[in-house]
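Everything below concerns the one structure shown next.
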Amino acid sequence: MKKSSASGKSKGVLAFASNTPETDYERIGHFALDLARHHLDVPVRLIVPETPLGWNNHRMDVISGTPVAWNNHGRFSAFDNSPWDETIVIDVDYLVLTDRLNRLFNSGQSLLLCHGNSFSQNKDSSTSCVDPVWATVFYFKKTSRIEQFFDLIGRVQRNWDYYRLVFGIVSRCYRNDLAFAIAELIMNGYAFSSSTRMPFDITTMENPVRDISINQDWLVVRSHDAADVYPRQDLHVMDKHWLQSDAFERFVQEAKQ
């Protein structure tokens, strides 16, 4: 199923999910794409890539503060896996709660990457050689140049130890944020360019979440000892425990009303 614009171009939203012993990413992904379908009115697709032999990657759990398995491979295959002319890719923990991302379809650009992240304290994506990119959400059109961009990301993933040393990245942990940043820099001739910059930042909630409530105008994010109120907006939630809870399932239904 494809969604066509007045120009006849098909559009859709893609997400990737690979389960780990700690996290049911596929279940989270189905709910996240349900939100995207509802608010953007475009078709969606969840991709479950095969884990490469010998893959051993980790992220830090926001509750325990300890490393857990992280199968974040395969994002470079978005170009091949998308059936649409224009595609938005989201992380499964990125909750689409408005229609703002539709602006990307009408941007006239062939690639848009996010360079700003409100509230996030995570500095791992910043190095002296790479302009930070958040691969949490991005947009692309199917062109030969963009196909080369994704081929380059795949090359960076397969040769991560080489590229991280070349670009001064200390951590051995593979991150799509860094791979996208490296590929963007190479594609732009090792010069920083504003042509691929998304016109807005994302908002990330890094702390543990007890509950999130929503209405047409506001979000109320409750932790164990505080509550914060924000204008209704798309939200990147790092707490995978809450995203696997019944509370998240109820939130999705509320957000669609």
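The values are calculated or read from the model by the stated rules, or taken from the named source; none is laboratory data. As the structure is a prediction and not an experimental result, all values here were calculated from the model. Using ideal geometry, Cβ is built from the backbone for each residue, glycine included, and neighbour counts are taken over all protein chains shown.
From 44, 13, 48, which residue is among the β-branched types (Val, Ile, Thr) and surrounded by fewer than 16 Cβ atoms within 10 Å (Cβ to Cβ)? Show your work before the answer.
Working: 44 fails: surrounded by fewer than 16 Cβ atoms within 10 Å (Cβ to Cβ); 13 fails: surrounded by fewer than 16 Cβ atoms within 10 Å (Cβ to Cβ).
Within the list 44, 13, 48, the selection yields 48.
Just a yes or no: is a residue in the range 66-85 within 20 Å of residue 236 (Cβ to Cβ), touching an Asp or Glu at 6+ places or on another chain (Cβ under 6 Å) and surrounded by fewer than 16 Cβ atoms within 10 Å (Cβ to Cβ)? Yes, because at least one residue in the range 66-85 is within 20 Å of residue 236 (Cβ to Cβ), touching an Asp or Glu at 6+ places or on another chain (Cβ under 6 Å) and surrounded by fewer than 16 Cβ atoms within 10 Å (Cβ to Cβ). When the test is whether a residue is farther than 23 Å from residue 80 by Cα, touching a residue at least 40 places away in the same chain (Cβ under 8 Å) and not hydroxyl-bearing (Ser, Thr, Tyr), residue 217 does not pass it.
Quick check on the range 50-58. Is at least one of its residues touching a strand residue (DSSP E or B) at 6+ places or on another chain (Cβ under 6 Å), at pLDDT 95 or above and farther than 21 Å from residue 138 by Cα? For the range 50-58, residues touching a strand residue (DSSP E or B) at 6+ places or on another chain (Cβ under 6 Å), at pLDDT 95 or above and farther than 21 Å from residue 138 by Cα: present.
Would you tally the residues in the range 226-251 being touching a residue at least 60 places away in the same chain (Cβ under 8 Å) and of a type outside the set (Val, Ile, Thr)? First the steps, then the outcome.
As a first pass, look at the range 226-251 and keep what is touching a residue at least 60 places away in the same chain (Cβ under 8 Å): 232-241, 243-244, 248-249.
Next cut, of a type outside the set (Val, Ile, Thr) only: 232-236, 238-241, 243-244, 248-249.
The total comes to 13.
Could you name every one of the helices (runs of 4 or more DSSP H) located completely within the range 150-257 that has at least 1 residues being more than 28 Å from residue 30 (Cα to Cα)? Give the steps one after another, and end with the answer.
Numbers: elements: 160-166, 176-187, 240-243, 246-255.
Of the helices (runs of 4 or more DSSP H) lying wholly inside the range 150-257, those with at least 1 residues that are more than 28 Å from residue 30 (Cα to Cα) span 160-166, 176-187.
Looking across the range 156-188 at every residue that is among the charged types (D, E, K, R) and surrounded by fewer than 20 Cβ atoms within 10 Å (Cβ to Cβ), the one that is nearest to residue 58 (Cα to Cα) is identified as 172. Against the conditions (1) touching a strand residue (DSSP E or B) at 6+ places or on another chain (Cβ under 6 Å); (2) modelled with pLDDT under 95; (3) not hydrophobic (A, V, I, L, M, F, W, C), residue 107 satisfies every one except (1).
Based on this model, can you work out whether residue 156 counts as among the β-branched types (Val, Ile, Thr), out of contact with any Pro (no Cβ under 9 Å at 6 or more places or on another chain) and farther than 20 Å from residue 9 by Cβ? Taking the combined requirement at face value, the residue satisfies it.
With respect to residue 235, determine if the residue is within 26 Å of residue 75 (Cα to Cα), surrounded by 17 or more Cβ atoms within 10 Å (Cβ to Cβ), of a type outside the set (S, T, N, Q) and at pLDDT below 95.
In short, no.
The residues of the range 60-103 that are closer than 13 Å to residue 142 by Cβ, of a type outside the set (D, E, K, R) and over 14 Å from the mean Cα position of the chain (by Cα), listed by number, are 79, 81, 82, 83, 84.
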